[in-house]
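Chemist: One structure, as structure tokens, below. Some questions next.
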Amino acid sequence: MGIVRPHLWFDDQAASAARFYASVIPNTVIHSVTTAPPGTPGVAEGSEFIVELTIDGMRVTFLNAGPVFTLDEAFSFVLDCADQAEVDHYWETLTADGGRPSQCGWLVDKFGVSWQVVPVQLDDVMSRPDTDGVARAMAAMLTMGKLDIAALEAAYAGE
């Protein structure tokens, strides 16, 4: 069987996005940057065209191919965070310089890529046996942009 991997279409920022992610996300490596051959639609000859990278162990292809298609929130990377400090760090880093926050831990970075910045504690809270507590935590999460572990725990506990 082949390997399934994401392929993201950018206007002209694929290599810049790859370099940014390599500087921010651990275990991210750029493997190659291929330049556009003559006659490539939507891309200047010799410009950065295809970027092959691994983002935290997941092989990904980025493509510069002009503005015909755009990224949107229908696709997102989930970034599991060990604690609130990691949530805060990635939230601030990924929304900087033109990124924008959204709801329930989602954001869009400066390149138009959607991310879910999620504390690993969220799965724990949402899978506990007290269904009323889970409902309270869910209601609290729906009011948040960046997820707040202490607030989720407090909501679960009914505080």
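Values in this text are rule-based calculations from the coordinates and carry no lab data. Since this is a predicted model, take the numbers as computed values, not measurements. Heads up, the Cβs are rebuilt from the backbone with ideal geometry, glycines too, and the neighbour counts pull from every protein chain shown.
Chemist: Could you give the angle, 0 to 90 degrees to the nearest 10, between helix 84-95's Cα long axis and the longest principal axis of the Cα atoms of the chain?
Modeler: That works out to roughly 40 degrees.
Chemist: Also, quick follow-up: Considering only segment 76-157, what is the antiparallel percent among its DSSP beta bridges, to the nearest 5? Provide the component values of the computation, followed by the final result.
Modeler: Working: 5 of 11 bridges.
Among the beta bridges of segment 76-157, antiparallel pairing accounts for roughly 45 percent.
Chemist: Just add up the charged neighbours of GLY112: K/R +1, D/E -1, any other residue whose Cβ is under 13 Å from the Cβ of GLY112.
Modeler: Working: positive: ARG100, LYS110; negative: ASP11, ASP12, ASP72, GLU73, ASP97, ASP109.
Summing Lys and Arg as +1 and Asp and Glu as -1 gives -4.
Chemist: I would also like to ask the following. On a 0 to 90° scale, report how tilted helix 131-141 is relative to the longest principal axis of the chain, with both axes built from alpha carbons and the result rounded to the nearest 10.
Modeler: For helix 131-141, the angle is close to 50 degrees.
Chemist: Next up: Sort VAL68, VAL4 by Cβ crowding within 10 Å, fewest neighbours at the top. Working shown, then result.
Modeler: Details: VAL68 9, VAL4 6.
By the 10 Å Cβ count, ascending, the order reads VAL4, VAL68.
Chemist: Okay, next question. Report, for segment 7-64, the % of DSSP beta bridges that are antiparallel, rounded to 5.
Modeler: Details: 12 of 16 bridges.
Here the share of antiparallel DSSP bridges comes out near 75 percent.
Chemist: Hey, can you rank 79-91, 26-38 by average C-beta count inside 10 Å, highest first? Working shown, then result.
Modeler: Working: 79-91: 16.1, 26-38: 12.5.
Ranking, from highest mean packing down: 79-91, 26-38.
Chemist: Now a separate question. Have a look at the DSSP beta bridges in the chain and tell me what percent are antiparallel, nearest 5. It would help to have the intermediate numbers written out before the result.
Modeler: Values: 17 of 27 bridges.
Around 65 percent of the beta bridges assigned by DSSP in the chain are antiparallel ones.
Chemist: Could you tell me what fraction of 2.2 N^0.38 Å the Cα radius of gyration of the chain comes to, as a two-decimal ratio?
Modeler: Cα Rg divided by the expected 2.2 N^0.38 Å: 1.22.
Chemist: Rounded to the nearest 500, what is the 222 nm mean residue ellipticity of the chain from helices alone, with -39500 (n - 2.57) per DSSP H run of 4+ residues and division by all residues? Before the final figure, lay out each step's value.
Modeler: Numbers: 5 runs with 49 residues, N = 159.
Value at 222 nm, helices only: -9000 deg cm²/dmol.
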